[in-house]
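Shown next, in structure tokens, is the structure this report addresses.
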Protein chains: 2
Amino acid sequence: MNISQAAKASGLSPKTIRYYERIELIGPASRGTNGYRDYDDRDLDVLRFVQRARSTGFSVEECRQLLALYRNSGRHSSEVKELVAEKLVRVEHQISELLQMRDTLQELVEACPGNEQAQCAIIDSLADGRDH
Amino acid sequence: MNISQAAKASGLSPKTIRYYERIELIGPASRGTNGYRDYDDRDLDVLRFVQRARSTGFSVEECRQLLALYRNSGRHSSEVKELVAEKLVRVEHQISELLQMRDTLQELVEACPGNEQAQCAIIDSLADGRDH
DNA sequence: CATAAACCTTACACTTGCTGGAAGGTCAAC
DNA sequence: GTTGACCTTCCAGCAAGTGTAAGGTTTATG
């Protein structure tokens, strides 16, 4: 199976698959006589695994760890759980930062008249750091 | 005032200030006879403005637009408001994506026994895309 | 007065996760 | 046979800086 077929079957792009190979997130694909990469069902499992992990929000480095656990049949599920629980904490932290940001932006929007005048609470607030 | 003093006074790092100058977010600083950058109160206002805008969550490109409005005394506050309202929409979108991610991660964590066994709902879920 | 610490300068590389494009080889169809 | 759609590699670039090197200046101290 060619790279573009593997791409379609996994939901990744050919570019992304080559990129994952280059950074050694996945192993080097076997090659046909013409030098083309050739993928089998086992390769596809890995590609799909990575695609799902990435779209769940895991970084490439996190995917690397998840893949190692995936491949390691002697893993303990506690290791996996810990990894994901830590990720959850980071995501929650990121959410609270964005919520803070949203509140600030909302306040700014509400404080700005939005008319033809130059006077603007948003600009004033960014200029001197105080509310307006 | 030297760059490191301007850095302290604005909450940016010297590196970041030079970077902002290089990408022409801010104008080139005037220079002393020794070639050192020299900042006055006016420069500081701009640096602080950018620092606040960045820490409010605006991208550098958005800061560029905000700075243009800041400097333009003939602006209409409606332009500013529109800019910030659009940003707010993008932030809200980002939040909902992260909330989705958090839910998925929470489900994964809850489904994983977290023990000494290899069997793990997280790995299984990433491997075949179904719930476990 | 020498010298060492603490500044300053530039320029380049690295980060994350790809994507786009160039330049060239191969393959399938008509 | 030639067009078009693949494939290959490599280089460049995005955001928003940070780290490091190599070198010049200034300031403080012995």
Applying the gyration tensor rule to the Cα atoms of segment A:1-109 (axes a ≥ b ≥ c; rounded if a/c under 1.5, else prolate if a/b exceeds b/c, else oblate), the class is oblate
Checking A:Ala111, A:Ala53, A:Ala85 against a Gaussian network model of chain A (alpha-carbon springs below 10 Å), the top fluctuating residue turns out to be A:Ala111
Dividing the helical contributions, -39500 (n - 2.57) per DSSP H run of n ≥ 4, by the residues of chain A yields a 222 nm value, nearest 500 deg cm²/dmol, of -21500 deg cm²/dmol
For B:His93 the rounded accessible area (nearest 10 Å², probe 1.4 Å, non-protein molecules ignored) is 110 Å²
With every protein chain in place, the accessible area of B:Asp43 for a 1.4 Å probe, in Å² rounded to the nearest 10, comes to 50 Å²
Heavy-atom accessible area of A:Asp131, protein chains in place, probe 1.4 angstrom, given in Å² to nearest 10, is 130 Å²
Among B:Gln5, B:Val50, B:Cys63, the residue whose Cα sits farthest towards the positive end of the charge dipole of chain B (+1 at Cβ of Lys and Arg, -1 at Cβ of Asp and Glu, taken about the Cα centre) is B:Gln5
Ranked by GNM mean-square fluctuation in chain B (Cα springs under 10 Å), the top entry among B:Gln51, B:Gln119, B:Gln100 is B:Gln119
Of A:Pro14, A:Pro28, A:Pro113, the most mobile residue in a GNM of chain A (C-alpha springs, cutoff 10 Å) is A:Pro113
About its Cα centre, the protein assembly as shown carries a charge dipole, from +1 on Lys and Arg Cβ atoms and -1 on Asp and Glu Cβ atoms, whose size in debye to the nearest 20 is 1020 debye
Sorting from shortest, the nanometre distances separating the label point of B:Leu99 (7 Å past Cα along the line to Cβ) from those of the same residue in the other copies are 1.0
Here the correct list, in nm and shortest first, of distances from B:Glu82 to the same site in the other copies, label points 7 Å along Cα→Cβ, is 5.4
For B:Arg71 and A:Ser73, extending 7 Å from Cα along the Cα-Cβ vector and measuring point to point gives, in nm, a value of 6.6 nm
Expected integer from the mean partner chain Cβ neighbour count at 10 Å over A:93-105 is 5
Looks like segment B:76-132, by Cα gyration tensor root eigenvalues a ≥ b ≥ c and the a/c under 1.5 rounded cutoff (else prolate when a/b is bigger than b/c, oblate otherwise), is prolate
One finds, for B:Gln5 and A:Gln117 with R0 = 41 angstrom and r their Cβ-Cβ distance, a FRET efficiency to the nearest 0.05 of 0.70
Label points for B:Ile23 built 7 Å along Cα→Cβ; distances to same position in the other copies, nm, shortest first, come to 2.0
Note, B:Gln117: beta-carbon cut-off 15 Å, +1 each Lys/Arg, -1 each Asp/Glu, net -2
Segment B:36-73 and segment A:1-63 have their Cα centres apart by a whole-number Å value of 43 Å
Counting other chain Cβ atoms within 10 Å of each Cβ in A:44-52 and taking the mean gives 2
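The values are calculated or read from the model by the stated rules, or taken from the named source; none is laboratory data. Treat the numbers as computed from the prediction; the structure is a model and nothing was measured. Cβ: placed from backbone, ideal geometry, glycine included. Neighbour counts: every protein chain shown. For the accessible areas, the whole protein counts, side chains as well, though only heavy atoms, and no ligand, DNA or RNA atoms are used. Shrake-Rupley method; radii C 1.70, N 1.55, O 1.52, S 1.80 Å.
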